[in-house]
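This report refers to the structure that appears directly beneath it.
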Amino acid sequence: MTIMIIGLLIFLGSHSVRIVAEDWRQQQIAKLGETTWKLAYSVVSVIGLAIAIYGFGQMRLDPIYIWFPPMGLRHAVALLMVPAFIMLVAAYVPHNAIKAKLGHPMMLAVKIWAFSHLLANGRLGDIIFFAAFLVWAILAFKAAKKRDRLQPVNPVPTSVSATIATVVIGLITYVLFALYLHTLVIGVPVFS
């Protein structure tokens, strides 16, 4: 579990710079250049995520159970992940009304993902893993909303076709992940 926690600290720590040190972040971007900053940030993030995922897999080999969630909560997770995938896609599709309305749909998607997985997993390592992401998403969303209030952005025009595309791509991604990729990547089938 130590490896997983180290990975979480690296990954979520790098993603928390905007929460705790926005001025420092801006200074580094000015000093290094935006491309160099993004490259360094990406490398640190990928390393942290890889370590966290490896540690998560190792933790599952010798789990410590805190509670045994009812099987029905798996269905709740499957249901909650539908809007989470749509919000995740909304973060990247330009001019969709979902992003325009929510502002930061990726952080909301992470909140739903983490919360729903906390419901259905009772191992200590799972609780630490998903709770860490949930706390980060709550703090990051709050910080992003504060930045929005300080520097209002002009509203982006939305389009119905972009919004429909967002929902369709989100649903297709959800189905692919639920039926195939979750088992391949995580090693646990969604529907079992």
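The values are calculated or read from the model by the stated rules, or taken from the named source; none is laboratory data. The structure presented is a predicted model; accordingly, all values stated were derived computationally and were not measured. As a convention, Cβ positions derive from the backbone with ideal geometry for all residues, glycine included, and neighbour counts pool all protein chains shown. Surface accessibility is based on the protein's heavy atoms, side chains included, excluding ligands, DNA and RNA. Shrake-Rupley method; radii C 1.70, N 1.55, O 1.52, S 1.80 Å.
For a quick check of your reading of the model, give me the residue pairs whose first member lies in the range 56-73 and is in contact (Cβ under 8 Å) with a residue 12 or more places away in the chain, whose second is surrounded by 14 or more Cβ atoms within 10 Å (Cβ to Cβ) and of a type in the set (Phe, Trp, Tyr), with beta-carbon atoms closer than 9 Å and at least 6 apart or on different chains.
Phe56/Phe129; Met59/Phe129
Which members of the range 80-104 meet the condition of being modelled with pLDDT of 95 or more, within 16 Å of Thr158 (Cβ to Cβ) and hydrophobic (A, V, I, L, M, F, W, C)?
Ile86, Met87, Val89, Ala90, Ala91, Val93, Ala97, Ile98, listed by residue number.
What's the total number of residues in the range 138-158 that are assigned to a loop (DSSP other than H, G, I, E, B), of a type in the set (A, V, I, L, M, F, W, C) and open to solvent by 100 Å² or more (accessible area, probe 1.4 Å)?
Within the range 138-158, residues that are assigned to a loop (DSSP other than H, G, I, E, B), of a type in the set (A, V, I, L, M, F, W, C) and open to solvent by 100 Å² or more (accessible area, probe 1.4 Å) number 1.
I'm checking my understanding of the structure. Among residues of the range 159-192 that are open to solvent by 60 Å² or more (accessible area, probe 1.4 Å) and in a loop (DSSP other than H, G, I, E, B), which one is nearest to Lys101 (Cα to Cα)?
The extreme case among them is Phe191.
Looking only at the range 105-124, count how many residues are open to solvent by less than 80 Å² (accessible area, probe 1.4 Å) and either within 19 Å of Ile86 (Cα to Cα) or in contact with a Lys or Arg (Cβ under 7 Å, 6 or more places away or on another chain) (or both).
Total satisfying the criteria: 13.
State all residues of the range 13-33 that are over 20 Å from the mean Cα position of the chain (by Cα) and of a type in the set (Lys, Arg); if no residue qualifies, say none.
Answer for the range 13-33, where residues must be over 20 Å from the mean Cα position of the chain (by Cα) and of a type in the set (Lys, Arg): Arg25, Lys31.
What is the number of the single condition among (1) open to solvent by 70 Å² or more (accessible area, probe 1.4 Å); (2) modelled with pLDDT under 95; (3) out of contact with any helix residue (DSSP H, G or I) (no Cβ under 7 Å at 6 or more places or on another chain) that Val135 does not meet?
Condition not satisfied by Val135: (2).
Return the residues of the range 13-31 that are of a type outside the set (D, E, K, R) and either touching a Cys at 6+ places or on another chain (Cβ under 8 Å) or open to solvent by less than 80 Å² (accessible area, probe 1.4 Å) (or both); say none if nothing qualifies.
Gly13, Ser14, His15, Ser16, Val17, Ile19, Ala21, Gln28, Ile29
Specify the residue that is nearest to Leu9 (Cα to Cα); the eligible residues are those in the range 67-85 that are loosely packed, with under 13 Cβ neighbours inside 10 Å and of a type in the set (A, V, I, L, M, F, W, C).
Of everything passing the filter in the range 67-85, Trp67 is nearest to Leu9 (Cα to Cα).
Which condition breaks for Gly7 when tested against (1) loosely packed, with under 15 Cβ neighbours inside 10 Å; (2) at pLDDT 95 or above; (3) small (Gly, Ala, Ser)?
Result: Gly7 fails condition (1) only.
Looking at Ile19, is it at pLDDT 95 or above, in a helix (DSSP H, G or I) and β-branched (Val, Ile, Thr)?
no
Given the conditions (1) charged (D, E, K, R); (2) over 20 Å from Ile128 (Cα atoms); (3) more than 20 Å from the chain's Cα centre (by Cα), report the number of the one that Arg60 does not fulfil.
Evaluating Arg60 over (1) charged (D, E, K, R); (2) over 20 Å from Ile128 (Cα atoms); (3) more than 20 Å from the chain's Cα centre (by Cα) leaves (2) as the failure.
Residue by residue, here is whether (1) under 20 Å from the mean Cα position of the chain (by Cα); (2) closer than 22 Å to Met107 by Cα; (3) open to solvent by less than 100 Å² (accessible area, probe 1.4 Å) holds:
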position: Phe11; (1), (2), (3): yes, yes, yes
position: Thr35; (1), (2), (3): no, no, no
position: Val43; (1), (2), (3): yes, yes, yes
position: Gly55; (1), (2), (3): yes, no, yes
position: Ile64; (1), (2), (3): no, no, yes
